[in-house]
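Just so it is clear, none of the values below were taken in a lab; they were calculated from the coordinates. Owing to the predicted nature of the structure, the values given are computational and were not obtained by experimental measurement. In this analysis, Cβ positions are derived from the backbone assuming ideal geometry, glycine residues included, and neighbour counts consider all displayed protein chains.
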């Protein structure tokens with residue numbers, strides 16, 4: 001069974017939401033992208049919904065297959081996050097019903113099973129992508145963003161570029177540059193830098209970074225954060241005025257170099 005965050009952890013996630021208001025994807029009429037989250041684990045559904053609302057999207061949720069079909073009929077989502085294991089029917093059966101209502105809507109499966117046959121079954125049934133629990137919230141958002149863009153349901157605004165001092169990060173192209181000089185980052189380094197840049201001048205604790213960048217129930221040691229911060233410093237700050245700073249006993253922050 002997937003580990004569920006405690007209420008205290010959910011409250012902390014609310015506090016962790018970046019303060020910048022950003023709306024990368026918009027429907028053709030300018031309204032927010034609509035996403036339906038279907039999962040019977042209420043805490044996980046709430047956590048996912050908060051992450052998607054931070055993207056500026058409108059989110060509805062359902063806890064079972066029948067509720068998902070009803071909600072989809074009224075809400076007309078641009079994408080669906082669908083758990084494979086639901087209390088009343090299999091996720092593949094739900095997908096079939098959704099497809100009758102919304103033939104073109106992209107569907108991202110959530111599965112606790114990582115067997116190849118499970119993945120093939122979901123994709124063969126018409127699912128567009130999948131992520132395995134436990135997962136990174138950033139990964140789910142990135143996968144959904146790609147599905148929505150490819151479906152043509154929304155267009156990208158110019159607000160996908162994060163800037164702190166002379167450092168820029170394009171969330172769509174995944175290009176990073178400082179002072180006009182390109183910086184190559186691994187996927188994890190990119191997610192860590194993105195989280196820091198979404199919270200400029202704000203101290204982020206190791207626990208916050210672990211929850212946001214790796215996974216909401218990541219069980220590793222905090223030294224992985226120190227390791228990746230050191231990687232980032234070598235690439236972002238090498239030979240330049242430092243932007244990534246440590247606050248001993250508190251965490252890390254990014255601010256323009258002096």
Fewest to most neighbouring Cβ within 10 Å: what's the order for 84, 38, 224?
224, 84, 38
Which whole-number percentage describes the relative contact order of the stretch 160-254, with Cα contacts under 8 Å and a sequence gap of 6 or more?
25 percent
Directionally averaged projected area (convex hull, Cα atoms, the stretch 160-254), nm²:
5.9 nm²
Which order do the peptides 42-49, 96-103, 166-173 take when ranked by the mean count of other beta-carbon atoms within 10 Å per residue, highest first?
42-49, 166-173, 96-103
Based on other C-beta atoms within 10 Å, arrange 237, 90 from fewest to most.
90, 237
